[in-house]
Amino acid sequence: MSRIGKAPISIPSGVTVTVSSSNLVSVKGPKGELSQQVDADIIVEQENNTLLVKRPSDQKRHKALHGLYRALLNNMVVGVTEGYKLEQELVGVGYKASNQGNTLDLVLGYSHHIVFALPQEIKVSTTSEKGKNPTIILESIDKQLLGQVAAKIRSFRTPEPYKGKGIKFVGEQLRRKAGKSAAKK
């Protein structure tokens, strides 16, 4: 049986989980509300303060969905209680980031500014201290949406392997390559 799928999801106090007859799971907590449509074959049961995800058979499809939906439901419970936070830094000379509301304005070495409108569910803030790289801080209760938006921002200028310039996650280790001068020896 799936190790991830069989693990029960503990529901903290202040969080309510409702499972409709059409397998729509709604999680409501102090930070907000999220809902996820679960496949009709997967069974979601609520016992006391735990949520259990079960599968009807050992088919390959059912095994895959079992772990998937358990992870998605756990992410929802964690999101409405604690929330998620991602930090990205801009590495490069002249790279800047600023925001006004939910609009992010990026200067990434192109001939134009990149203006990116973020969804309402995501809160953004930018910092730029002297001697440090500018950072973008994204916060949300929806882990999927947060990761998708962070990947989109990163795609505007992905880090290159020679000098490491671009948008990278804080703490991310980049694989660096040696330049031409190292090959001549």
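The values are calculated or read from the model by the stated rules, or taken from the named source; none is laboratory data. Since the structure is predicted, the reported quantities are computational estimates derived from the model, not experimental observations. Positions of Cβ are generated from backbone atoms using ideal geometry, with glycine treated the same way; all protein chains shown enter the neighbour counts. Surface areas here come from the heavy atoms of the whole protein model, side chains and all, with no ligands, DNA or RNA. Shrake-Rupley method; radii C 1.70, N 1.55, O 1.52, S 1.80 Å.
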Practice task
For K28, go through the lysines and keep the ones whose alpha-carbon is under 29 Å away, minus same-chain ones fewer than eight residues off.
Solution key: K6, K54, K63, K85, K123, K143, K152
Completion exercise
If every Lys and Arg gets +1 and every Asp and Glu gets -1 at its Cβ, then about the Cα centre the stretch 28-76 yields a dipole, in debye to the nearest 20, of 180 debye
Problem - Around T16: net Lys/Arg minus Asp/Glu count, Cβ-Cβ under 11 Å - result: 0
Practice task
Can you work out the accessible area per residue across the stretch 32-185, with the rest of the protein chains kept in place, probe 1.4 Å, in square angstrom?
Solution key: 61 Å²
Practice task
Any chance you could give the angle, 0 to 90 degrees and rounded to 10, that helix 143-155 forms with the longest Cα principal axis of the chain?
Solution key: 20 degrees
Exercise for the section: Place the peptides 157-164, 103-110 in order of packing, highest mean first, counting for every residue the other Cβ atoms within 10 Å and averaging per peptide. Expected result: 103-110, 157-164
Fill in the blank from the handout: In degrees rounded to 10, the 0-90 angle between helix 60-81 Cα long axis and the longest Cα principal axis of the chain is 70 degrees
Completion exercise
In this structure, the FRET efficiency calculated for I114 and K163 from their beta-carbon separation, with R0 = 22 Å, to the nearest 0.05, is 0.60
Fill in the blank from the handout: Treating only Lys and Arg (+1) and Asp and Glu (-1) as charged, each at its beta carbon, one finds that the chain has a dipole about its Cα centre, in Debye to the nearest 20, of 1360 debye
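Which percent of the accessible area of the stretch 37-185 is formed by carbon and sulfur heavy atoms (probe 1.4 angstrom)? Mind dumping the intermediate values first?
Details: 4530 of 9170 Å².
So the carbon and sulfur contribution to the accessible surface is 49 percent.
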Handout entry: Of I141, P56, T127, farthest towards positive along the dipole that unit charges on Lys, Arg, Asp, Glu beta carbons give the chain
Key = T127
Practice task
At most 15 other Cβ atoms within 10 Å and a DSSP loop assignment: could you name the trypsin sites (Lys or Arg not before Pro) in the stretch 85-141 that fit?
Solution key: K130, K132
